[in-house]
1. Just to verify a result, which residue in segment 363-412, among those that are outside any helix (DSSP H, G or I) and surrounded by fewer than 19 Cβ atoms within 10 Å (Cβ to Cβ), is modelled with the lowest pLDDT?
2. Answer yes or no: is there a residue in segment 25-33 that is over 19 Å from H234 (Cβ atoms), of a type outside the set (K, R) and away from ligand 2 (no atom under 16 Å from the Cβ).
3. For A434, which of the numbered conditions (1) under 40 Å from the mean Cα position of the chain (by Cα); (2) open to solvent by less than 80 Å² (accessible area, probe 1.4 Å) fails to hold?
4. Just to be sure before I move on: is L295 within 16 Å of ligand 2 (Cβ to nearest atom) and buried (at least 18 other Cβ atoms within 10 Å of the Cβ) in the structure I sent?
5. Could you pull out every one of the helices (runs of 4 or more DSSP H) wholly within segment 182-297 that has 3 or more residues that are within 14 Å of ligand 1 (Cβ to nearest atom) and assigned by TED's automatic domain parsing to the domain that holds W373?
Amino acid sequence: MILYNFLTRRKERFKPIKPGRAGLYTCGPTVYDYVHIGNLRTYIFEDVLRRALELNKYKVKQVTNITDIDDKIIRKSEDEKTDYKKIGSRYSKLFFEDLKKLNIKKAEVYPRATKYIGEMLKLITKLDKKGYAYKGEDGSVYFRISRFKDYGRLSELDKREIKSGARTSSDEYQKEDAQDFVLWKARKPKEPFWPSPYGEGRPGWHIECSAMSIENLGEYFDIHAGGIDLVFPHHENEIAQSEGATGRKFVNYFLEGEHLLVDGQKMSKSLRNIYRLSDLEERGIDPLAFRYLALGTHYRAKLNFTWESLEAAVNALHNLRTSLLRMSAEIALGENKKRSSAADKKEAGRILKMFKEAIDDDLGTPAALSLAWKTINDTGLNSKEKIKLITEFDKVLGLGLGETTKKYGKMPVKVKQLVMEREKSRVHKQFIQADSLRKKIEQLGYTVEDTGRGPLVVRKI
Ligand code: AMP
Ligand code: ZN
């Protein structure tokens, strides 16, 4: 399996630390508001990564943090005059609902920052002992980046022209260097706080991820993923803290997903172009159409969201489902009697290999999707083999396509009988009777369409 490693800016073969296992940390949401479809694009990419590792028979342990203490959460709780814990639990619940709608598989662990304060403080103490941390004039504890020689390796900071030592704003005077970042924020009036050897306060955002990943995956693990905006400073700082504290390599592969844009612009509140999954649902759009749209662009390319492109994804997904239903109908009605020959099996094996190659090439979902279409439209395989293949593909694509055909497989006998009866009437040109049978079939939730190849029966979706 080949992955593009942001640490080396090259495609590399994935070599697990422990044979047959993959440790994966994916930065999760700060639960102060609804997630938007940009965030969801990143979570879909990470889900595909997880599924691709599973396709390669790795036992995956995925850890996705929930940041449940942060400036924005506190601000929101002040605005709403409510407890910050309430804000966190409200929005994390909504986050999980969105994941479910998008067929995003559950991570093994969803650690919450506030449950790991002790572990964060342990890390900070270690950093302090090794000279990586110091207390600023404001009482907060900072990470001294000049002490960590590899600082900037992930984000290629030397190319970014941020001058070390430059002060950028007045409140930065608390620190030795403008780029030093906070590990522990000194307590402020009316804010939640925890006791610590450095005085009362709360953790900085970056230390949360270092502590939660190390606790759940160990000091050294395989893959760390997130959206491209996290490369700097978040992931850069995580590396500095973790490697500074443990004295060893933190993560082997960093994968960073590109952004979702809206009408060519960044999704942001000020431009009022933030969409949530519920905005799509309000327009009657199946959330999985958004997943289809996301799969159609490689995770390392920017994806420009437009309603037109989503509409095209809605149609494509509908057509894909309908094709599958059509094929299951043929099988259920005993119309497709073609048996799989040895040549068919060989061809199916060849296509499955092509699918795996597409996915194994740094998660090539666009190629995988077009292979699904080719399998349906341009191969001489029988319906059974096609459905088997698509069901295999869907283990990675996660579009619920296996479900589509499974549901059809359970087509009630009653429907089957009515279809047969109607077909007889039609052949004998008893059209009034055929029409009334069609109505009965429709009442049972199925539609019938007469095609050159016989009746096409589709469960209404
Ligand atoms: P946040 O809650 O802001 O930390 O973001 C959660 C995840 O969504 C992170 O992995 C971000 O990198 C990612 N993300 C934020 N905005 C976008 C966007 N417009 N497109 C894709 N991913 C994004
Ligand atoms: Zn993180």
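1. My answer is K410.
2. no
3. The single condition A434 does not satisfy is (1).
4. So L295 does not fit the description; no.
5. 287-295
The values are calculated or read from the model by the stated rules, or taken from the named source; none is laboratory data. Predicted, not measured: the structure shown is a model, and the values here were computed from it. Positions of Cβ are generated from backbone atoms using ideal geometry, with glycine treated the same way; all protein chains shown enter the neighbour counts. Ligands, DNA and RNA are excluded from the accessible area calculation, which covers all protein heavy atoms including side chains. Shrake-Rupley method; radii C 1.70, N 1.55, O 1.52, S 1.80 Å.
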